[in-house]
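Everything on this sheet refers to the single structure shown next.
The values are calculated or read from the model by the stated rules, or taken from the named source; none is laboratory data. It should be emphasised that the depicted structure is a prediction, and the values quoted were computed from it without experimental measurement. No Cβ is skipped: glycine too gets one built from the backbone with ideal geometry, and neighbour counts run over all protein chains shown. Keep in mind that these areas ignore ligands, DNA and RNA; they rest on the heavy atoms of the full protein, side chains included. Shrake-Rupley method; radii C 1.70, N 1.55, O 1.52, S 1.80 Å.
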Amino acid sequence: MTAIPPTARRPFKTPSALPGFAPTMTVTLVWLAVIVLVPLGALIVKASSLGLGGIVGVALQPRVFASLRVTFGMASAAALVDLVFGALIAWTLTRYDFPGRRLLDAMVDLPFALPTAVAGIALTALYAENGWLGAPLARLGLKVAFTPVGVIVALIFVGLPFVVRTLQPVLEELDREVEQAAATLGATRARIVARIVLPSVWPALLTGFALAFARGIGEYGSVIFIAGNMPMVSEIAPLLIVTRLEQYEYPAATAIAIVMLAISFFVLLGINALQGWSQRRLGPGGA
């Protein structure tokens, strides 16, 4: 067997003019361990006192199962809505120049800066039966506040910036000459979007959906005001965890948290796998 020349071997680290691999890697590992691994490890150790059967038993309790269904179902629905309207907003901000564009672009980040409790109070006042939007909707027989629909509205509000900000740089880097060439060859707008634009932004769309979904699962402040928090109807799992902690039921609270962690992990793992598959299939340029 022919030995690989030393110059042909792949280096363990990329050469850099600035030294510092060892200290930066040490800081990275320590930071991840303290901020991520240690808390998750403590959560698993605390829940292990119940055993796997006990954790499953807690998850299958009617109130817990209903709260998990509301949490993940509403987060998925809100992320899908954010995906559609976030893509439209990102497209508008990157492809068109109009008066007030910078103001609209800045308003997209408002959910990032606004405290979640303030957002929840504002949405509740807006969509209550006597609110500006809630009153006309109530006359049509539609109730938003204090229902699962209110949960979706709150999660759409907090998750929309993730989709917009993920898509914007990708749309800005798209080569418009390819689109113009396709139009010159007779391709319709719908075909250009389906065959050129969408494949290029598909990984970014998945990333934006994953970020909005993850934010929705853990959202608490903006939801508890507009949800109504009715058990079996509009109670979210994070609120149920807080309730269990207030009742000193620490093993039950950690069991719910472990179930949420496991479901979130596998959902995000599936999204990342789909994103990786699409990148391999479409290539680096999305073509």
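Couple of notes before you dig in:
- If you run the Gaussian network model on the chain, springs between alpha carbon atoms under 10 Å, then out of PRO148, PRO115, PRO23 the most flexible one is PRO23.
- Helices in the chain that qualify as membrane-span-like (whole DSSP H runs, Cα extent of at least 24 Å along the helix axis, mean Kyte-Doolittle hydropathy of -1.0 or higher) are 62-95, 148-173, 198-218, 250-282.
- Each residue, LEU80 and LEU103, gets one label point 7 Å from its Cα in the Cβ direction; the gap between the two is 3.5 nm.
- Heavy-atom accessible surface of TYR96, to the nearest 10 Å², is about 120 Å², with a 1.4 Å probe and all protein chains retained.
- Among ASP175, ASP82, the order of accessible area from largest down is ASP175, ASP82, computed with a 1.4 Å probe on protein heavy atoms.
- Förster radius 51 Å - calculated FRET efficiency between LEU52 and ALA125 (Cβ-Cβ, nearest 0.05): 0.70
- The heavy atoms of SER234 offer some 0 square angstrom of accessible surface to a 1.4 angstrom probe.
- Distance between modelled label sites at PHE112 and ALA42, nm, 7 Å Cα→Cβ extension: 2.9 nm
- Gaussian network model of the chain, Cα within-10 Å springs - most flexible of GLY54, GLY100, GLY131: GLY100
- Comparing Cα centroids, segment 130-177 and segment 210-287 end up 18 angstrom apart.
- Spin-label proximity, GLU249 to segment 57-87 - amide N less than 18 Å from point 7 Å beyond Cα toward beta carbon: 57-71
- With each label modelled as a point 7 angstrom along the Cα→C-beta vector, the ALA187-ARG139 pair spans 4.7 nm.
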